[in-house]
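Following: one structure in structure tokens, then a few remarks.
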Amino acid sequence: MARSRSGGLTAGVLLVAIGGVLLATRLSSIESAPAWLMGLGLAFALLAVLRRTYGALVAGCVMIGLGAGMLLGDAAVAGLPKNAWSLLGLGLGFLGLYLVDLILRLRRHWWPLVPGVVLVAMGSARLVSQAQLVPPAVEAFVRLWWPVGLVAVGAWLLVRSLR
């Protein structure tokens with residue numbers, strides 16, 4: 001009996017959240033879509049906290065991050081283009097997923113760190129490039145030679161594991 005009640009609760013929360021967001025998007029302009037995406041993400045995140053489910057947490061954090069990035073990009077905050085804010089928002093959503101997972105002790109997966117760090121680095125690179133904080137010659141050097149860092153770390157790991 002308890003299982004069917006909790007299943008009904010889950011289905012009810014999801015249907016109310018999804019239906020509410022879809023109805024709201026029909027009654028409002030497309031410019032408010034990022035806010036609705038964040039609202040739907042918040043519903044999934046709350047469901048994840050209440051039900052302690054990792055899948056809902058993934059969906060919630062990704063939607064919140066993407067919606068926040070779209071919202072900041074639409075407002076052109078700090079003069080950054082939309083795509084840079086989308087990268088930063090989505091990356092921060094993945095990093096938030098990792099942190100909430102640590103706090104809730106759901107599964108302790110490390111994989112959200114990979115897309116989170118990569119996306120935040122890519123968005124930050126756009127910020128640094130646009131703000132011209134780094135001289136163009138240094139930026140060109142880093143753009144060309146950054147794979148050497150990967151080779152060096154890989155070689156170090158190989159040597160360390162063969163010892």
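The values are calculated or read from the model by the stated rules, or taken from the named source; none is laboratory data. Owing to the predicted nature of the structure, the values given are computational and were not obtained by experimental measurement. Heads up, the Cβs are rebuilt from the backbone with ideal geometry, glycines too, and the neighbour counts pull from every protein chain shown.
Data for the structure
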| read-out | value |
| --- | --- |
| Options SER129, SER161: the member that is modelled with pLDDT of 80 or more and of a type in the set (S, T, N, Q) | SER161 |
| First in the range 101-127 and without any contact (Cβ under 8 Å) to a residue 60 or more places away in the chain, second anywhere and acidic (Asp, Glu), Cβ under 8 Å, 6 or more apart | ARG107/ASP101; ARG108/ASP101; HIS109/ASP101; PRO112/ASP101 |
| Flag if LEU37 is part of a helix (DSSP H, G or I) and farther than 23 Å from LEU104 by Cα | yes |
| Residue within the range 106-114 that is closer than 30 Å to LEU9 by Cα and in contact with a Ser or Thr (Cβ under 9 Å, 6 or more places away or on another chain) present | yes |
| Check on VAL159, out of contact with any strand residue (DSSP E or B) (no Cβ under 6 Å at 6 or more places or on another chain), touching a residue at least 24 places away in the same chain (Cβ under 8 Å) and part of a helix (DSSP H, G or I) | no |
| Unique match (being surrounded by fewer than 15 Cβ atoms within 10 Å (Cβ to Cβ), in the same structural domain as THR53 (by TED's automatic domain parsing) and of a type in the set (Gly, Ala, Ser)) among GLY116, GLY93, GLY79 | GLY79 |
